[in-house]
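A.B. asks: Encoded as structure tokens, here's the structure I'll be asking about.
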Amino acid sequence: DLSLRLQKAAEFVPQNARLADIGSDHAYLPVALMLQNKISYGIAGEVVVGPYKSAQKQVAKNGLENKIDVRLADGLEAVKLEDHVSAITICGMGGVLIRDILQRGKEKNRLSGEERLILQPNVGERQLRKWLVDEKYTITDESILEENQKVYEIIVAEKKETIPEYTEKELFFGPILLREENEVFLEKWQYKLSKSERILNSLHQSDQDVAEKIREVAQEIEWIKEVLAHAGK
Ligand code: SAM
């Protein structure tokens, strides 16, 4: 069975999608979606030989060799435009790594711009959102969940005809998560607030030139307080 984290990501994959799952590890996500008949074709991309072999095994064990291609490749080099991929999942990595995979994929012409991107960064959500909006994607959905004492965010993005504008604050919290203000979201930011306050304290005690960093963290604290106050926390 899929973890709650991967189940949530799976929910955003459109019915009958041609899916590329990058950094697939055991290929759990594409295999589960194929067994549910939710996708019509899958690619499991892995850059490391061990996980690549695990993915091959998992696909073979389920008799899906003719429906899911397992490819040893760096990032989106696992995908060709001829594959007509309609959805890409990149889950369980840092947001900066996901961003770099997307950027290199774009430079190498692996993105048609028609794909739905379903991204689950473990950290670095803000940097990832920044890349998406710089590349004129619309953040169409977001989700936040807790599993085994960890909080995960899922960001879904697509290219639309009109290009929306986002504030820095929306990129920080996630435009949709900010609007929803659900319990997990508020807990996450309550925890981050005390952490940021500790960081600010130690910055004030630093004898290095940290003025810029102080401004940044102070801004974040202000935003977090605004959000928590708005939610009555
Ligand atoms: N996506 C699965 C999940 O969410 O459970 C596996 C996550 S695992 C922590 C990250 C995987 O990404 C590892 O198997 C790693 O080898 C792979 N990976 C890291 N960088 C990659 C890259 N540039 N291209 C393809 N795979 C990559």
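A.B. asks: Within segment 110-128, is there a residue that is modelled with pLDDT of 95 or more, over 16 Å from GLU158 (Cβ atoms) and small (Gly, Ala, Ser)?
C.D. replies: Within segment 110-128, one or more residues are modelled with pLDDT of 95 or more, over 16 Å from GLU158 (Cβ atoms) and small (Gly, Ala, Ser).
A.B. asks: When only residues in segment 135-156 that are in contact with an Asp or Glu (Cβ under 6 Å, 6 or more places away or on another chain) and under 20 Å from MET93 (Cα atoms) count, which is surrounded by the fewest Cβ atoms within 10 Å (Cβ to Cβ)?
C.D. replies: ILE144
A.B. asks: When you look at LYS159, is it buried (at least 16 other Cβ atoms within 10 Å of the Cβ), at pLDDT 95 or above and not β-branched (Val, Ile, Thr), yes or no? Talk me through it step by step, then tell me what you get.
C.D. replies: Numbers: buried (at least 16 other Cβ atoms within 10 Å of the Cβ): yes; at pLDDT 95 or above: yes; not β-branched (Val, Ile, Thr): yes.
When the stated conditions are applied, LYS159 passes them.
A.B. asks: Still on this structure: Taking the condition of being within 13 Å of the ligand (Cβ to nearest atom), free of Cβ contacts under 8 Å to residues at least 40 places away in the same chain and not in a helix (DSSP H, G or I), how many residues in segment 8-38 meet it?
C.D. replies: 1
A.B. asks: Still on this structure, I have one more. Quick one: what pairs do we get from segment 207-227, first residue within 14 Å of LYS192 (Cα to Cα), second open to solvent by 90 Å² or more (accessible area, probe 1.4 Å), C-beta under 9 Å, 6+ apart or different chains?
C.D. replies: The qualifying pairs are GLN219/GLU168; TRP223/GLU168; VAL227/LYS233.
A.B. asks: Can you find, within segment 165-191, the residue that is least open to solvent (accessible area, probe 1.4 Å) among those that are out of contact with any His (no Cβ under 9 Å at 6 or more places or on another chain) and part of a loop (DSSP other than H, G, I, E, B)? Talk me through it step by step, then tell me what you get.
C.D. replies: Keep residues of segment 165-191 that are out of contact with any His (no Cβ under 9 Å at 6 or more places or on another chain), which gives 165-180, 182-191.
Next cut, part of a loop (DSSP other than H, G, I, E, B) only: 165-167, 174, 182.
Numbers: GLU165: 173, TYR166: 53, THR167: 75, GLY174: 0, ASN182: 52 Å².
Here the answer is GLY174.
A.B. asks: State whether one or more residues within segment 137-151 are in a helix (DSSP H, G or I), within 26 Å of GLU168 (Cβ to Cβ) and in contact with a Pro (Cβ under 7 Å, 6 or more places away or on another chain).
C.D. replies: no
A.B. asks: Still on this model: List every residue pair whose Cβ atoms sit under 6 Å apart, with the two residues 6 or more apart in sequence or on different chains, where the first one lies in segment 42-53 and is open to solvent by 40 Å² or more (accessible area, probe 1.4 Å) and the second, anywhere, is more than 6 Å from the ligand (Cβ to nearest atom).
C.D. replies: From residues that are open to solvent by 40 Å² or more (accessible area, probe 1.4 Å), the pairs are TYR52/LEU72.
A.B. asks: Just need a number here: residues in segment 39-54 that are more than 7 Å from the ligand (Cβ to nearest atom) and among the hydrophobic types (A, V, I, L, M, F, W, C).
C.D. replies: At the first step, the residues of segment 39-54 found to be more than 7 Å from the ligand (Cβ to nearest atom) are 39-44, 49-50, 52-54.
Adding the requirement that they be among the hydrophobic types (A, V, I, L, M, F, W, C) leaves 39, 43-44, 49.
Adding up the residues that qualify gives 4.
A.B. asks: Suppose we keep only residues that are open to solvent by less than 30 Å² (accessible area, probe 1.4 Å), of a type outside the set (Val, Ile, Thr) and out of contact with any Phe, Trp or Tyr (no Cβ under 8 Å at 6 or more places or on another chain) within segment 94-110. Which one would you say is farthest from VAL47 (Cα to Cα)? Step through it out loud before you land on a result.
C.D. replies: Taking segment 94-110 and keeping what is open to solvent by less than 30 Å² (accessible area, probe 1.4 Å), we get 94-95, 98, 101-102, 105.
Next, from what is left, pick out any that are of a type outside the set (Val, Ile, Thr): 94-95, 102, 105.
Filter once more, keeping what is out of contact with any Phe, Trp or Tyr (no Cβ under 8 Å at 6 or more places or on another chain): 94-95, 105.
Details: GLY94: 16, GLY95: 17, GLY105: 14 Å.
Restricting to residues being open to solvent by less than 30 Å² (accessible area, probe 1.4 Å), of a type outside the set (Val, Ile, Thr) and out of contact with any Phe, Trp or Tyr (no Cβ under 8 Å at 6 or more places or on another chain), the top hit is GLY95.
A.B. asks: Can you go through GLU107, GLU153 and tell me which one is modelled with pLDDT of 95 or more and more than 11 Å from the chain's Cα centre (by Cα)?
C.D. replies: GLU107
A.B. asks: Can I ask one more? Take the residues in segment 74-91 that are assigned to a helix (DSSP H, G or I) and in contact (Cβ under 8 Å) with a residue 40 or more places away in the chain; name whichever of them is nearest to the ligand (Cβ to nearest atom).
C.D. replies: GLY75
A.B. asks: What are the residues in segment 1-31 that are within 14 Å of the chain's Cα centre (by Cα) and open to solvent by 40 Å² or more (accessible area, probe 1.4 Å), if any?
C.D. replies: Selection gives ARG5, GLN7, LYS8, GLU11.
A.B. asks: Please state which one of TYR152, TYR137 is of a type in the set (Ser, Thr, Tyr) and within 13 Å of the ligand (Cβ to nearest atom).
C.D. replies: Sole residue among the options that is of a type in the set (Ser, Thr, Tyr) and within 13 Å of the ligand (Cβ to nearest atom): TYR152.
The values are calculated or read from the model by the stated rules, or taken from the named source; none is laboratory data. Values in this document were obtained by computation on a predicted structure and should not be read as measured data. Positions of Cβ are backbone-derived with ideal geometry, glycine not excepted, and every protein chain shown enters the neighbour counts. Heavy atoms of the whole protein, side chains included, go into the accessibility calculation; ligands, DNA and RNA do not. Shrake-Rupley method; radii C 1.70, N 1.55, O 1.52, S 1.80 Å.
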